[in-house]
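*Asks:* Mind having a look at this structure? Questions to follow.
FYI, it's all coordinate maths here, none of it is from the lab. Everything numeric in this text was worked out from a predicted model, so none of it was measured. Quick reminder, even Gly has a Cβ in these numbers, built from the backbone with ideal geometry, and neighbours come from all protein chains shown.
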Ligand code: TMP
């Protein structure tokens, strides 16, 4: 099903800086008069926020990989229905912090769940919603770990269940993202996440502008 709005997702390892970049991009687009919905996964709805707490909270303890995957898709199904589809129907540009690629990278490549299982869940639960553009912010897992440590210390927060994983896990997740990007070069654009916030944002905004220009020729995006 084609909707008039567009879905742009931001993906990458923990600590890649995508939330900051998404907020900047949402602000930039809004200032140009483009109706934007900024949202995130797991979360984005009340139900999704409860699920987020269960799935990320270290105190949840051991969780099977399938439980983790099912919870991610439970949150996503609610999010698609309650937030994403209505926004796309109203011609909004949706900027979503993580989507199905996170499940492929983390639960598929990271945890080792077969990609067919993930594709089957996507097909049954996501109402055919796939991102129109994906920004993959690529960073070295060691840099990601250092950034999340610093952020957690500054906020006096504990590590999430994922942040407690070792570097090998994040290396697999990164390879997963790179594989997705290789297979879908038109949709997934790799952005080097090592630069300053402003440098990385300049790269992202040029990719978003190019994409909007092609999707909405003429004045819709004000360029
Ligand atoms: P965040 O800190 O970027 O909001 O991401 C929350 C964590 O959830 C992050 O470690 C990645 C993980 N995650 C998955 O493993 N699978 C998924 O499908 C999603 C959406 C997130």
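*Asks:* Only bridges with both residues in segment 6-215 count here: give the DSSP antiparallel percent, nearest 5.
*Replies:* 0 percent
*Asks:* Between residue 196 and residue 30, how many nm apart are label points set 7 Å from Cα along the C-beta direction?
*Replies:* Simple spin-label model gives 2.5 nm for this pair.
*Asks:* Still on this structure, please answer the following. Note the angle between two axes, namely the Cα long axis of helix 65-79 and the longest principal axis of the Cα atoms of the chain, as a number of degrees from 0 to 90, rounded to the nearest 10.
*Replies:* Taking the Cα atoms of the chain, the angle to 65-79 is about 30 degrees.
*Asks:* Further question: Counting pairs of alpha carbon atoms under 8 Å apart in space and at least six apart in sequence, what relative contact order in percent does segment 6-215 give?
*Replies:* Dividing the mean separation by the residue count of segment 6-215 yields 32 percent.
*Asks:* Estimate the FRET efficiency between residue 64 and residue 20 by the formula 1/(1 + (r/R0)^6), using the beta-carbon distance for r and 41 Å for R0, to the nearest 0.05.
*Replies:* After rounding to 0.05, the efficiency reads 0.80.
*Asks:* Sticking with this structure for a sec: Report, as a whole number in µm² per second, the diffusion coefficient that Stokes-Einstein gives for the chain at 37 °C and 0.692 mPa s using the Kirkwood radius over alpha carbon pairs.
*Replies:* Answer from the Stokes-Einstein relation: 184 µm²/s.
*Asks:* Modelling each spin label as a point 7 Å along the Cα-to-Cβ direction, I'd like the residue 164/residue 56 distance in nm, to one decimal.
*Replies:* Taking the two extended label points, one gets 1.6 nm.
*Asks:* Can you give me the distance in nm between label points at residue 215 and residue 127, each placed 7 Å from the Cα along the Cα-to-Cβ direction?
*Replies:* Simple spin-label model gives 1.7 nm for this pair.
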